[in-house]
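Read-outs throughout are calculated quantities, based only on the coordinates presented, and are distinct from any laboratory measurement. As the structure is a computational prediction, the values presented were derived from the model and not from experiment. Here the Cβ positions follow ideal geometry from the backbone for every residue, glycine too, while neighbour counts run over all protein chains shown.
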Ligand SMILES: Cc1cc2nc3c(=O)[nH]c(=O)nc-3n(C[C@H](O)[C@H](O)[C@H](O)COP(=O)(O)O)c2cc1C
């Protein structure tokens, strides 16, 4: 059981990473193999919009490391995506990543039926965390993935953390708990599938 997390933050070691690691910790405890991908480590190009046939027949013109991450996504049973709120939405880097992932949809819906869960953190309460979660869920749905949340009564949509400075989200105990429950729910869903 492999679970991949993708951190859309531009800041390594920041609040999104803290929450993603909390969720991944639960997954690991439950026996899953985990990996965290940091988009902050990457320099990625915008989708050049060559069109569906080009994607299918020629592949992507860019060789900037995303193809390796896409391969890991295809090998994983579940993908947890996290982003800080940037101006009420996901980071530009995560959006570019999402746009480039269209190639996976064009190649036979390669992510179909995988489990997806979302993590968001903003500097203030009501700063747009739920919009970020919606953006990430839309990405999952467009790939025909199955969206899950925490599965208990800690939250409804996913992790909505509050914290501005690096590490501030550690004070948001509710978000940390939701993150742990989210990880458990992802594993539960994968177990249901394997019978
Ligand atoms: C360009 C930019 C835009 C931001 N916009 C918002 C926002 O709309 N709402 C909000 O609550 N926080 C906003 N923030 C604050 C970040 O979401 C917050 O600092 C978050 O903890 C960063 O996560 P990280 O530590 O993983 O990078 C913004 C920060 C930056 C740099």
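What the table below lists for this structure:
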quantity: 0 to 90° range, to nearest 10: angle between helix 15-29 axis and the chain longest Cα axis; calculated: 90
quantity: Ascending count of other beta-carbon atoms within 10 Å, so fewest first, for 76, 83, 52; calculated: 52, 76, 83
quantity: Rounded tilt (10° steps) of 129-142 against the dominant C-alpha axis of the chain; calculated: 40
quantity: Quarter of Cα convex hull surface for the range 1-80, i.e. mean projection, nm²; calculated: 5.9
quantity: Rounded to 5, percent antiparallel among DSSP beta bridges of the range 2-194; calculated: 5
quantity: Relative contact order (%) - the chain, alpha-carbon pairs under 8 angstrom, separation at least six; calculated: 27
quantity: Cα-based Kirkwood hydrodynamic radius, the range 139-195, one decimal, Å; calculated: 12.6
quantity: For the range 80-195: rounded, prolate or oblate by the Cα gyration tensor [a/c cutoff 1.5]; calculated: oblate
quantity: Euclidean distance between Cα centres, the range 149-169 to the range 1-72, Å; calculated: 20
quantity: Rg followed by Dmax, in Å, when the range 122-168 is reduced to its Cα trace; calculated: 12.2, 35
quantity: Column: log10 I(q)/I(0), Debye, Cα scatterers of the range 36-77, q = 0.21, 0.28, 0.31 Å⁻¹; calculated: -0.80, -1.08, -1.14
quantity: Over the chain: helical MRE at 222 nm, DSSP H runs n ≥ 4 each giving -39500 (n - 2.57), nearest 500; calculated: -13000 deg cm²/dmol
quantity: Calculated on alpha-carbon atoms, Rg and Dmax of the chain in Å; calculated: 15.8, 49
quantity: Spin-label pair residue 138/residue 152, simplified geometry with 7 Å Cα→Cβ offset, distance in nm; calculated: 3.2
quantity: Degrees, to the nearest 10: 66-75 long Cα axis against longest axis of the chain; calculated: 70
quantity: Ranked 34, 44, 133, criterion: other C-beta atoms within 10 Å, fewest first; calculated: 44, 34, 133
quantity: Order of 64, 99 under a 10 Å beta carbon neighbour criterion, fewest first; calculated: 64, 99
quantity: Within the range 96-128: backbone nitrogen closer than 11 Å to the residue 174 label point (7 Å, Cα to C-beta); calculated: 125-126
